[in-house]
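Trainee: Take a look at this one; I'll ask things after.
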Amino acid sequence: MSTTRSKTAILLLLFATVFLHLTATTTAIGVNYGTLGDNLPPPAEVAEFLQTKTTIDLIKLFDANPEILRAFANTSISVTVTVGNGDIPGLVEASTAQKWVADNIAPYYPETKIIRVTVGNEILKSAVKNWIVNLVPAMKSLHKALVNAGFKDIQVSTPHTLSLVEHSEPPSAARFRVGYDKQVIVPMLQFLRETKSPLMINPYPYFGWAPSVSDYALFKPNKGIYDENTKITYMSMFDAIMDAVYTSLKAIDYDDIEIVIAETGWSSAGDPEEAACSVENAKAFNGNVARRATESIGTPLMPKRIFETYIFALFNENLKPGSTSEKNFGLFKPDFTPVYDIGIMKTGQQQSGGRQRGGGRGRKSTPGTGTPTTGGKKWCVAKGGTSNQALQANIDYVCSQGVDCKPIQAGGACYDSNNLWSHASFVMNSYYNNYGRHDSNCDFSHSGYLTTTNPSHGNCNFE
């Protein structure tokens, strides 16, 4: 009897260990929660909405708003708070750092899951010398104050724009900016390594958009950009930016430091001259970012890596200064209506913006036949020899267009972790079916072709 109980206990322990591992390594999407609006809902309603209606489990604040921190108490949502840029010089003093922790962390933690404090935002880009020279000393001082207060698990970091890096094209040539590299960047990276905190980056292909590179910026099928040094063809600007940061870290032996995507996003509306801004573009970009935050896609130099990711922003904010585009980065309107759907609603009801077409799909194919069909039936598949980068770009694009990609995800009927060609072919065929079965819907920058041979296999039905 005791032997049976022991075996049962071991099995239960093993199951629990595996479950916890899977839970710990599955990351949902985060958002930047800004408050520059006069029509935004109360924080308590926001907390309830995110907790019950969405898969968002991370928020990042641009301050340490006490009302928001109270609202997110006793939820499962992790919170990052921010020290204002102007407060950085003062935080170098131990007493000031201690008071900041006492005022902004102690009253709310651990009921509110504060996981990180960011010291300022985009400080190097600001070019304010007093902020820059005091950045790392302030980070160290604040970390010490947190530890002394008993908050050892709260990380300290600071977000950067791509201005942290110079010569970012091609990614293999990227290096940290001369002038800041030894004085600021290396001491900061050493601090991050010692405290097991991440380097936080704000990668924005949005700001690199131009008509000539629109598909490249939006994860859509394109010819890609070739890096002669690594022999890699980059199919998205996002991947190129992330690998430029990684290359810079590796060049000075700090590539062991985790990278967090602190901000990225796309505006859904702009002034007449802001051609990049549209619901379609925002949905395509942010949809792919959200999917990459939950799947082991990674980048060419960081394959299968999942990045903790925060999309900018939670709401459209009508009081933000600047152009119309600045007011329209939100995933949601102030009444919680999605501006567009990127698959983060718990209901699973996707809003495809009218782009997904229903109706008949024609005669159902027989799975696993592998033989030519009669009646002119065709399937869209990827060409043999297509690069993995191009295949992944096709998957990214199709999955951002309202096509159901669940069959190629873990547990799906067509999931095969070692067969990217099969995944791409399945979603390319789904896109071809959904959008009218026109030959042009199977082009994918010349990487797709139509076949009369049914590619269905096993339980994977290409219908």
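The values are calculated or read from the model by the stated rules, or taken from the named source; none is laboratory data. Only a predicted model underlies this, so the values are computations on that prediction, with no experimental measurement involved. Because the Cβ atoms are built from the backbone with ideal geometry, glycine has one as well, and the counts that use them run over all protein chains shown. Ligands, DNA and RNA are excluded from the accessible area calculation, which covers all protein heavy atoms including side chains. Shrake-Rupley method; radii C 1.70, N 1.55, O 1.52, S 1.80 Å.
Trainee: Determine the per residue accessible area of the range 157-306 with all protein chains present and a 1.4 angstrom probe, expressed in square angstrom.
Mentor: In whole numbers, the range 157-306 has 39 Å² accessible per residue.
Trainee: Which distance in nm do the two modelled labels at Asp38 and Asp443 give, with both placed 7 Å along the Cα-to-Cβ direction?
Mentor: 4.8
Trainee: Grab the eigenvalues of the alpha-carbon gyration tensor for the range 179-336, scale each by 5, take roots, and send me the semi-axes largest first in whole angstrom.
Mentor: Ellipsoid semi-axes (Å, largest first): 28, 20, 15.
Trainee: What FRET efficiency comes out for Ser95 versus Phe336 if R0 is 35 angstrom and r is the Cβ-Cβ distance? Round to the nearest 0.05.
Mentor: 0.25
Trainee: Here's something else I'd like to know. So for the pair Ala275, Ile257, with labels modelled 7 Å out along Cα→Cβ, what separation do we get in nm?
Mentor: Label at Ala275, label at Ile257, 3.8 nm between them.
Trainee: For Gln183 and Lys223, what is the calculated FRET efficiency with R₀ set at 60 Å and r taken between the beta-carbons, to the nearest 0.05?
Mentor: 0.90
Trainee: Compute the distance from the alpha-carbon center of the range 136-184 to that of the range 250-317, in whole Å.
Mentor: After rounding, the separation between the Cα centres reads 19 Å.
Trainee: Using a 7 Å offset from the Cα along the Cα-to-Cβ direction at both Ser323 and His457, what is the distance between the two label points in nm, to one decimal?
Mentor: 4.7
Trainee: List the cysteines of the chain that have no other Cys Cβ closer than 4.7 Å: which are they?
Mentor: Flagged as lacking a Cys partner: Cys277.
Trainee: Among 156-163, 168-175, 271-278, how do they line up from the highest to the lowest mean number of other beta-carbon atoms within 10 Å?
Mentor: Those peptides, ordered most packed to least, come out 156-163, 168-175, 271-278.
Trainee: Tilt of helix 388-399 relative to the longest C-alpha principal axis of the chain, in degrees (0 to 90, nearest 10)?
Mentor: The angle comes out near 90 degrees.
Trainee: Taking R0 as 41 Å, what FRET efficiency do you get between Val147 and Ser212 from their Cβ-Cβ distance, rounded to the nearest 0.05?
Mentor: Efficiency at R0 = 41 Å is approximately 0.25.
Trainee: Give, in nm to one decimal, the length gained when the segment between Lys129 and His167 is fully stretched (0.36 nm per residue of separation minus the Cα-Cα distance).
Mentor: Residue separation times 0.36 nm, minus the Cα-Cα distance, leaves 11.4 nm.
Trainee: I've got another one for you. Taking Cα atoms of the chain, Rg/Rh with Kirkwood Rh, to two decimals?
Mentor: Reported Rg/Rh (Cα atoms, Kirkwood Rh): 1.00.
Trainee: Between Ala102 and Asp416, what is 0.36 nm times their sequence separation minus the Cα-Cα distance? Round to one decimal in nm.
Mentor: 108.0 nm
Trainee: Restricting to Cα pairs below 8 Å that are 6+ residues apart, what does the relative contact order work out to for the range 55-203? Please round to a whole percent.
Mentor: 22
Trainee: I've got another one for you. Round to a whole number: what % of the accessible area of the chain belongs to carbon and sulfur, probe 1.4 Å?
Mentor: 53
Trainee: Packing-wise, with mean Cβ within 10 Å as the measure, how do 182-195, 387-400 rank, highest first?
Mentor: So the peptides 182-195, 387-400, ranked by packing, come out 387-400, 182-195.
Trainee: Determine the per residue accessible area of the range 76-136 with all protein chains present and a 1.4 angstrom probe, expressed in square angstrom.
Mentor: Per-residue accessible area for the range 76-136 comes out at 41 Å².
Trainee: Let me ask something additional. Add -39500 (n - 2.57) for each DSSP H run of 4 or more in the chain, then divide by its residues: what number comes out at 222 nm, to the nearest 500 deg cm²/dmol?
Mentor: -10000 deg cm²/dmol
Trainee: Among all the lysines, which ones have a C-alpha under 21 Å from Lys346's C-alpha, if same-chain residues fewer than 8 places away are not counted?
Mentor: Counting by Cα, and skipping residues close in sequence, Lys346 has these lysines nearby: Lys53, Lys60, Lys283, Lys333, Lys406.
Trainee: Relative contact order of the chain, please, whole-number percent, based on alpha carbon pairs below 8 angstrom and at least 6 residues apart.
Mentor: Relative contact order, the chain: 14 percent.
Trainee: Give me the accessible area of Lys377, 1.4 Å probe, in Å² rounded to the nearest 10.
Mentor: Counting only protein heavy atoms, Lys377 exposes about 20 Å² to solvent.
Trainee: Any idea what the dipole of the range 282-335 comes to, in debye rounded to 20, about its Cα centre with Lys/Arg Cβ at +1 and Asp/Glu Cβ at -1?
Mentor: Using only the charged Cβ atoms, the result is roughly 180 debye.
Trainee: Next question, about the same structure. Using only Cα atoms and rounding to the nearest 10 degrees, what angle (0 to 90) does helix 237-251 make with the longest principal axis of the chain?
Mentor: The two axes meet at around 50 degrees.
Trainee: Tell me the angle of helix 420-434 to the major Cα principal axis of the chain, expressed in degrees between 0 and 90 and rounded to the nearest ten.
Mentor: Its long axis makes an angle of about 70 degrees.
Trainee: Let me ask you something else. Say the dipole of the range 140-201 comes from +1 at the beta carbon of Lys and Arg and -1 at that of Asp and Glu; which of Ser168, Thr195, Thr158 then lies farthest toward its positive end?
Mentor: It is Thr195, whose Cα lies furthest towards the positive end.
Trainee: On to the next question. Cα to Cα, under 15 Å, and not fewer than 8 places away if on the same chain: which aspartates and glutamates meet these conditions relative to Lys320?
Mentor: The qualifying aspartates and glutamates are Asp38, Asp271.
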